[in-house]
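First up is the structure itself, then whatever we jot down about it.
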Amino acid sequence: MHKLYIMSIAVLVACNAFSQSHSNNWVFGDSTGLNFSTPIPTFFKTSILSHEACASISDSTGILLFYTNGQKVWDRNNEMMPNGDSLNIGKSSFDDPSSITQGVTILPKPGSNTMYYIFQLQAENGPPDNYGLEYSIVEMTLNGGLGDVVSKNKDVFTGYLDEKMHAVKHANGRDWWLTTMLSSANDTTLCLATFLITPDTILGPFSQCFTDLPDLGPPGAGSTGQMKFSQDGSKLAFTRNSYVLLFDFNRCSGSFFFFISIFHEVGSYGCEFSIDNRMLYVTWPSEGAIYQYCIGCPGVIEDSKETIYVSPNEDYYAGQLQIGPDAKIYTSFAHINYSLFEYSIYNQNLSVINDPTLIGLSCNFDTLTISLGTTRGSGGLPNMPNYNLGSLEGSECDTLQITVNIILQNEPFLIYPNPAS
């Protein structure tokens, strides 16, 4: 009799990892919340007020845990957490949210199921001793399971940082790499600062500088805009002035390797990779445009540029881009003066790229189709890493790898759900 022998239950662990839904709830803009547990994201109202800096996180079942604008922390009931006020973030005041692009992000603390880091940038704000990167810690077992900020505004790095911050899993599938940008000394040099977050400590910064780059513009002028790791963590896209810079990334060593720059006549801002890491989408605000570049196609990447959308209203532009748990890519339109929080069809809806892995207009861009109810966006979307990225199997530093050993004896078997990863 033919039998299937499964020698490890690790396959169940692996399947469960892909079912996690830490990015299931987005909180951003002026009181906006979106829940992705339905085929079309469902609106819910929140307490947040944010321009560009915002982040939210859910548990592994998709239930909202908390959210922040880098100044305050709110629980799932939209109440400010104990000790959840007066977080330090740059370019903000008491009644004015931060305009630092990707100024805040939330990362689960490695080795813990209940503790979360909130990282806050102090780029370009106040005297030099207020520059740098800080963190706060949320413990979810406190306050009746609604969470409590147990540590606040702890220094990680004191020094001159520009805008942009994104994270990716270490190749061991447990730790995190967090990358920011050091303020540039000149217009042809770019320096990245990366931190390693482990269960015990935060190491770094590990800095890398790239010289003899294309003329990126005056120092500091190109600090706005997003940086994004690809979904598999192998690449980083970096917007700066009229260029998008692309780097290869080693998830073991935390090292970057510059490989190409993409030029356009006007300044870039938002960027995001498709789920298959093959397509890169970029917004160019002064044109109100969204372009697609095929990173995985033969030939010159610049030559693969396709115009996906150009805004018919010169007062609004496509802002940040963010991939959703449904693998679609979303963008929030903002008024050219982001602090002008007027209501309109543009900032009360999100637009969506429905099939971002397809070339050109086949990507199926829908304009202003995701309702934000009575609330409004301002160009910013939650700064989320790929929480579900696992270990890099077979890499030299895959120290947490669990081997799945399956013996098959000519008997068919089923995987559920199907298809599955």
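The values are calculated or read from the model by the stated rules, or taken from the named source; none is laboratory data. Computed from a prediction, not measured in an experiment: that's the story for all the values here. In this analysis, Cβ positions are derived from the backbone assuming ideal geometry, glycine residues included, and neighbour counts consider all displayed protein chains. In case anyone asks, the SASA skips ligands and DNA or RNA and just uses the protein heavy atoms, side chains included. Shrake-Rupley method; radii C 1.70, N 1.55, O 1.52, S 1.80 Å.
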(request) Find all pairs meeting these conditions: Cβ atoms under 8 angstrom apart; at least six residues apart or on different chains; first residue within the range 298-318 and over 16 Å from S362 (Cα atoms); second residue at pLDDT below 95 and surrounded by fewer than 16 Cβ atoms within 10 Å (Cβ to Cβ). (result) I301/I260; E302/F263; E314/I336; D315/I336; Y316/I336; Y316/S344; Y317/S286; Y317/I336
(message) I'm told G159 meets every condition in (1) at pLDDT below 95; (2) open to solvent by less than 10 Å² (accessible area, probe 1.4 Å) except one. Can you identify the failing condition by its number?
(response) (2)
(request) Answer with yes or no whether L146 is closer than 22 Å to F256 by Cα and not small (G, A, S). (result) no
(request) Test each condition in (1) buried (at least 19 other Cβ atoms within 10 Å of the Cβ); (2) within 18 Å of I89 (Cα to Cα) for S183 and report the one that comes out false. (result) (1)
(message) Just to verify a result, which residue in the range 310-325, among those that are over 17 Å from S371 (Cα atoms) and not in a strand (DSSP E or B), is most open to solvent (accessible area, probe 1.4 Å)?
(response) E314
(request) Answer yes or no as to whether N364 is modelled with pLDDT of 95 or more, open to solvent by 60 Å² or more (accessible area, probe 1.4 Å) and not small (G, A, S). (result) yes
(message) Tell me the residue from Y346, Y387 that is more than 30 Å from R174 (Cα to Cα) and either without any contact (Cβ under 8 Å) to a residue 40 or more places away in the chain or within 19 Å of the chain's Cα centre (by Cα) (or both), please.
(response) Y346
(request) Being basic (K, R) and part of a loop (DSSP other than H, G, I, E, B) is the filter here, so list the residues in the range 152-193 that pass it. (result) R174
(message) Just checking: which of the strands (runs of 3 or more DSSP E) contained wholly in the range 19-68 hold 1 or more residues that are surrounded by fewer than 23 Cβ atoms within 10 Å (Cβ to Cβ)?
(response) 30-35, 42-49, 64-68
(request) Can you tell me which residue among L392, L408 is open to solvent by 20 Å² or more (accessible area, probe 1.4 Å), within 20 Å of the chain's Cα centre (by Cα) and at pLDDT below 95? (result) L392
(message) Taking the condition of being surrounded by fewer than 21 Cβ atoms within 10 Å (Cβ to Cβ) and more than 21 Å from N25 (Cβ to Cβ), how many residues in the range 336-353 meet it?
(response) 10
(request) Among what's in the range 1-37 and is modelled with pLDDT under 95 and β-branched (V, I, T), pick the residue that is farthest from V73 (Cα to Cα). (result) I6
(message) With the structure loaded, tell me whether I290 is out of contact with any Lys or Arg (no Cβ under 9 Å at 6 or more places or on another chain), farther than 24 Å from V104 by Cα and β-branched (V, I, T) or whether it fails that test.
(response) yes
(message) Looking at the structure I just gave you, is D232 touching a residue at least 60 places away in the same chain (Cβ under 8 Å), open to solvent by 30 Å² or more (accessible area, probe 1.4 Å), charged (D, E, K, R) and farther than 25 Å from K154 by Cα?
(response) yes
